[in-house]
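The values are calculated or read from the model by the stated rules, or taken from the named source; none is laboratory data. Quantities reported herein were computed from a predicted structural model and do not represent experimental measurements. Cβ: placed from backbone, ideal geometry, glycine included. Neighbour counts: every protein chain shown. Just so you know, the surface numbers come from the protein's heavy atoms only, side chains and all, with ligands and any DNA or RNA stripped out. Shrake-Rupley method; radii C 1.70, N 1.55, O 1.52, S 1.80 Å.
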Amino acid sequence: MNILLVGSGGREHALAWKIAQSPLLTRLVVAPGNPGVAALCETRSVAATDVDGLLALAREIAADLVVIGPEVAVAAGLGDALQAVQIPCFGPTAQAGQLESSKAFTKAFTDRYGLPTAAYAVCEDAAAARAALDRFEPPYVVKADGLAAGKGVVIAPTRGEAEAAIDDALGGRFGAAGARVVIEEFLEGEIGSLFALCDGETSMLFGWAQDHKRAFDGEQGPNTGGMGTYSPAPVFTPELVEQIRTRLVEPAFAGIAQDGAPYRGVLFVELMATPHGPKLVEFNVRFGDPECQVLMLRLESDLVPYLMACATGTLKDMAQPVWRDEAAACVVVAAHGYPETPRSGGEIRGLEQDFGSDVVVFHAGTTRDAAGVLRASGGRVLNVCAKGADLKAALAQAYGAIEAIDFPDGFFRRDIGWRALAR
Ligand code: AMP
Ligand code: GLY
């Protein structure tokens, strides 16, 4: 089987790492990939948003399956373009992609189909948004409407900070993503990330994990795309998983189909486990990054048949995935200044050493310069992942590997998994 995987982050490195282990694979090409992916398989420098270029590449390699990693490729309409020429694609159409690209669209969707979520107001201008704050209690949750790579959310303890966040969001900081703001009820509880596959008709849960969104230890600092993940996470009791399935996942896929855009791919349900049951924080139309990394470490089953089944409508024939009875953790090493102004170009040394069979280092934002030196090229630079008999063992391995990596420009959180360890 020939597979084209689209994307360039740590999530795609993890997907490539897992796909490369499949006995069904003949050829794996990743576009554009990164230096870590390039050490594993073929890469081509076609951007994830270059729909025509990716279509041509899929044809050139006679792809049996195209796997879409990032939301920008969904939003660019890659899923639609592949569907039009009947190339099997793991990844939804741009219409379903609005569940991620517009928070206002998603809120209307949850109203239409009765999905539990935070009370909210969508505001087009600062005056309306300031007035809407009256309807909520502190802390205030202020969100830029569009795609802002997980960084468009501010939890403001005071009204003054909420107003500043409104001005900031509407003032162009997030470009078109800041044309509207959403003000939301603050949800009390523990956060979780759950993944569900769908082939347009049949759906299947496909793992869960907990992410740490804040930049610094103790859940301090700005929101990021995610600073570290672990799985299994004890917040996901069997009761909670069942509630998420019946109250969020199944109504969501049914609603999407009813809206005329049957979903083929993975739906990422970010939820708060509140005292009143799970409430939706947001949908994403892709695997989580870095949730995907820990799921790939734990997935015992071959990933490829699941991706193919979603793309071809045969998920009902698939058995439940098998997960290793081990824990996995991912610690993100980010460049100083992330998420606001990450410092680019810092040299990274020491990745060629043998960290042992439990450790995998995925590249998230790296590049090789003309001299072949590995350098940071993004906010999140490395995903140092490990598995172990339990979470403590997995974390010890991951942190041990970080100590052995030489990247002076980087920082990382030292408290990944603290909620699970505190239980
Ligand atoms: P989002 O980009 O919507 O995933 O939000 C980023 C992070 O902000 C989430 O992972 C939560 O930790 C937090 N957050 C978002 N919405 C809420 C809310 N309504 N109540 C409490 N925390 C929230
Ligand atoms: N780690 C959260 C996300 O992928 O949006």
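Here are the numbers for the structure shown:
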| quantity | calculated |
| --- | --- |
| Mean Cβ neighbour count within 10 Å, used as a protection proxy, ranking 306-319, 355-368 highest first | 355-368, 306-319 |
| Reference-scaled alpha-carbon Rg (2.2 N^0.38 Å with N residues) for the chain | 0.93 |
| Candidates R298, R264, R159: whichever shows maximal mean-square fluctuation once the chain is modelled as a Gaussian network with Cα springs under 10 Å | R159 |
| Packing-based order for 85-97, 332-344, using average beta carbon neighbours within 10 Å, highest first | 85-97, 332-344 |
| Qualifying trypsin sites (Lys or Arg not before Pro) for region 1-86 [loop in DSSP, other Cβ within 10 Å: at most 16] | R44 |
| Length added when fully stretched, R343-R27, from 0.36 nm per residue minus Cα-Cα | 110.2 nm |
| Highest to lowest packing among 373-385, 214-226, scored as the average C-beta count within 10 Å | 373-385, 214-226 |
| Pairwise label distance in nanometres, E242 with K316, each label 7 Å out on the Cα-Cβ vector | 2.5 |
| Cβ-based net charge around V381, under 12 Å, with every Lys or Arg adding one and every Asp or Glu removing one | +1 |
| Share of carbon and sulfur in the accessible heavy-atom surface of the chain [1.4 Å probe, %] | 51 |
| Separation between Cα centres of region 289-309 and region 392-406, rounded to whole Å | 22 |
| Positive minus negative residues near E124 (Lys, Arg vs Asp, Glu; Cβ under 12 Å) | -1 |
| Relative contact order %, region 57-113, counting alpha carbon pairs below 8 Å whose residues are six or more apart | 30 |
| Net dipole in debye of region 289-410 [+1 Lys, Arg Cβ; -1 Asp, Glu Cβ; about Cα centre; nearest 20] | 200 |
| Mean ellipticity per residue at 222 nm, deg cm²/dmol - from DSSP H runs of n ≥ 4 across the chain, formula -39500 (n - 2.57) | -8000 deg cm²/dmol |
| Accessible area expressed per residue, the chain, with surrounding protein chains retained (probe 1.4 Å, Å²) | 38 |
| Spin-label model distance (nm) - S301 vs R159, 7 Å beyond Cα toward Cβ | 5.2 |
| Proximal charge balance of G345 [Cβ under 9 Å; K/R count +1, D/E count -1] | -1 |
| Given charges at beta-carbon only (K, R positive; D, E negative), |dipole| of the chain in Debye | 140 |
